[in-house]
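The values are calculated or read from the model by the stated rules, or taken from the named source; none is laboratory data. All values derive from a computational prediction rather than experimental measurement. Note that we place each Cβ from the backbone using ideal geometry, even for glycine, and neighbour counts take in every protein chain shown. Areas reflect the complete protein model, heavy atoms only, side chains present, ligands, DNA and RNA absent. Shrake-Rupley method; radii C 1.70, N 1.55, O 1.52, S 1.80 Å.
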Amino acid sequence: MSRAEMDELGWDSCDIIIVTGDAYVDHPSFGMAIIGRLLEAQGFRVGIIAQPSWQDTADFTALGEPNLFFGVAAGNMDSMINRYTADRKARSDDAYTPGGKAGRRPDRCSLVYSQRCREAYPQVPIVLGGIEASLRRIAHYDYWQDKVRRSILVDAAADILLYGNAERAVVEVAHRLARGDAINDITDVRGTAFVRRDTPAGWLEMDSTRIDRPGQIDRIINPYVNTQELDSCELEKRNARQLDPNAEQAVVVQWHPRHDRDRTVIRLPSFEKVRADAVLYAHANRVLHLETNPGNARALVQRHDEQDIWINPPPIPLSTDEMDYVFGLPYARVPHPAYGEERIPAYEMIRFSVNIMRGCFGGCTFCSITEHEGRIIQNRSQESILREIEDIRDKVPGFTGIISDLGGPTANMYRIACKSREIEAACRKPSCVYPGICENLNTDHSALTQLYRDARALPGVKKILIASGLRYDLAVKDPEYVRELVTHHVGGYLKIAPEHTEDATLSKMMKPGIGAYDEFRQLFERFSREAGKEQYLIPYFIAAHPGTRDEDMMNLALWLKRNGFRADQVQAFYPSPMATATAMYYSGRNPLKRISYKSESVTIVKEAHQRRLHKAFLRYHDPANWPMLRDALKAMGRADLIGNGEHQLIPRDQPGSQGEYRAPRRKNSQGAHNARRGKVLTQHTGLPPRETGAPRRPRKGR
């Protein structure tokens, strides 16, 4: 990270310099650490410039000119999502910065960092990577500017973009540059995007720039007939040779190149077209998502002005041996010493956790995991995972015997895959678990159950918690796994994400019906009782998601009240780049189905007042929301839900300063007030009040 460190290592220069928007934490949960250690293992000298000042090039020249390339990434998060809330308000903190301080990275920092690298050393190739680049590799809707932006590759003036988990791609690019290849000649690496002028010879280009097919075509008439003379025109049509639609017709076969998927590219509507036509944007988004399976995906190309953005098919998932190699590199597992005693909140959260897999086949439309990590699960071996737990036990300062998480994008997809590799390679479904669990999916959790048992049996390990989100519709297919989880690995609370209760909204999310939640809840409560534990489910819900009407949020609020949930914090839908739900939000169409100008419209919640209303329904118990909810319920014709009855949603009268309810922002006074009434509200999202005088069952293992 500094010239002094280079001198200590005896380096006169770096081969590769990684520029990142996160603080440098040498831990496999941080992208720059994985890429840095991997390139180091390949024999390259790697420098890291973390969170540089971007107003000039001083920080970008601190390590000198790299011999091969600059690798630029925003960090573990898209910089705009990192800096702004779903209401477009600037966040007051940044979990990936020492001290949690906000403002240490610019908006769209991959773009800004690339430009500064170009200014510092114009001749050095720039390789874009990370999730921000992945989700912006084609023309994309930008929520913060409310418009479609060009591919980040064009705006950043970078040479090549690596999307997804790019270990293979970055190693190949590094070695090819090291042996003297020009960056512009590296066009055959999977998981990359680059600029080219036209489609090369030998490729079949499939035109997907339009959507509606033409209707019936009128028969061509004599060109010398005056079509203004209607009688003559009709006579010509009647006299023309008529074809019997039921008769056999000669078929003329037009020659075209053999359809070889490896040499086929699909041309998407251009940037200019998707910027001007939201329906074409939805179509382009649909095509991209249909081409995400590494087994059958074709290359994509999209015109930007006078040049094409060419996107090669996604990378082949890493094998278990490759995953073990990546996670077995010699990480220090702590922040760089340059930060001294300053805490980095993101590190504090994950330092005792272990990532056991990558990818997700859930396909939730509001999530970008599929576009980045893919839907094929990449697993580590059990031996590799146990070895990392032992490293945490032996090497990480402050370890108390508790592993905070064994998980990944989801908690329970470890070693779950399609029963047939041939079917998996040919599948084009966006989800393996929606609208129901695919019959070809193996739902056996036994490998994960055994991993839990072996992990908690390690000497020095007192407790293994599961903090990653659980796919409960999958878990109920293996009750033994649920028993193991609930009995040994829940620290009192387990978070799951039904996201909504209404089928109309859930169908736009590609999430299971609320019945799957009820089925899991019954198992959870049953096994908690058998274990003699008092444990709670923490359900998460999304407000203002595409496809959600005001009535849907009202029904969700009624469900919350019937089930005794009072959400402490709520989240509104956040349109991240490239997500399917973002395409719905922008276009008002549903890319889960074939797109046309007459295709299904989707209810969209964009206006600020309506977004606040949807969040208010989730916090129906907050007196600050009652005036808005009263007005809304009256307008919806549901004034019957206003009153003090058990089945009514909100009171008729607003409480005064001495009333029963207090705004939850005043946590101390609210807690004291409820204590006087014999109840204490917990600080955990979604928990019902607990009687203060009620005896508490002991929690085993705590």
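Determine the distance separating the Cα centre of the stretch 109-148 from the Cα centre of the stretch 374-427; give it in Å without decimals. Computed from Cα coordinates, the inter-centre distance equals 31 Å. Accessible surface of Lys395 in the full protein assembly, 1.4 angstrom probe, to the nearest 10 Å²? About 140 Å², rounded to the nearest 10. Placing a pseudo-label 7 Å from each Cα along the Cα-to-Cβ vector at Ala332 and Glu40 gives an inter-label distance of 0.8 nm. Where the centre of each part is set by its Cα atoms, how far does the stretch 48-83 sit from the stretch 170-186, in angstrom? Each part reduced to its Cα centre gives a spacing of 21 Å. Note on the stretch 295-339: dipole from Cβ charges, positive end direction compared against His336, Val301, Ser319; the farthest Cα belongs to His336.
Looking at the stretch 508-547, the accessible area is 32 square angstrom per residue; that uses a 1.4 Å probe and ignores ligands, DNA and RNA.
Per residue, the stretch 396-491 exposes 41 Å² of solvent-accessible protein surface, assessed with a 1.4 angstrom probe and all protein chains in place.
The figure for Leu618 is an accessible area of roughly 0 square angstrom, using a 1.4 Å probe on the protein chains alone. Within a straight-line Cα-Cα reach of under 22 Å, Lys101 can be paired with the following lysines, leaving aside sequence neighbours fewer than 8 residues apart in one chain: Lys89. Between the residues Ala86, Leu9, Asn76, the greatest Cα displacement towards the positive end of the dipole of the stretch 1-157, with unit charges on the Cβ of Lys, Arg, Asp and Glu, is found for Ala86. Give the lysines reachable from Lys462 as a straight Cα distance under 25 Å; neighbours fewer than 8 places away on the same chain don't count. Straight-line reach from Lys462, under 25 Å: Lys395, Lys495, Lys533, Lys700. Ordered from highest to lowest accessible area with the whole protein assembly present and a 1.4 Å probe, Tyr452, Tyr325 read as Tyr325, Tyr452.
Return the percentage of antiparallel bridges among DSSP beta bridges fully within the stretch 1-131, rounded to the nearest 5 %. So the antiparallel bridges amount to about 10 percent of the total.
How large is the dipole of the chain about the Cα centre if only Lys and Arg carry +1 and Asp and Glu carry -1, each at its Cβ, rounded to the nearest 20 debye?
It works out to roughly 2740 debye.
Compared with the alpha-carbon gap, the fully stretched path from Glu306 to Ala504 is longer by 67.1 nm at 0.36 nm per residue.
Of the accessible area of the chain, with the probe set at 1.4 angstrom, what percent is carbon plus sulfur?
Details: 15620 of 32180 Å².
So the carbon and sulfur contribution to the accessible surface is 49 percent.
Once you compute Rg and the Kirkwood Rh from C-alpha atoms, what is the Rg to Rh ratio for the chain? Kindly include the intermediate steps, with their values, before the conclusion.
Details: Rg = 28.4 Å, Rh = 28.2 Å.
Ratio of gyration radius to Kirkwood radius for the chain: 1.01.
Placing unit charges on the Cβ atoms of the charged side chains and taking the dipole of the stretch 482-614 about its Cα centre, the candidate lying farthest along the positive direction among Gly513, Gln535, Leu613 is Leu613. Applying 1/(1 + (r/R0)^6) with R0 = 30 Å to the Cβ-Cβ distance of Asp394 and Arg196 gives a FRET efficiency near 0.05. With the simple spin-label model, which puts each label point 7 Å out from Cα in the Cβ direction, the Glu607 to Ala102 separation comes to 2.8 nm.
Calculate, for Glu65 and Glu551, the FRET efficiency according to 1/(1 + (r/R0)^6) with r their C-beta to C-beta distance and R0 60 Å; round to the nearest 0.05.
On the way: r = 61 Å, r/R0 = 1.02.
Efficiency, from the Cβ-Cβ distance: 0.45.
Using R0 = 30 Å, the C-beta based FRET efficiency linking Met206 and Ala276 works out to 0.85. Accessible surface of Glu342, taken over heavy atoms with a 1.4 Å probe and every protein chain present, rounds to 90 Å².
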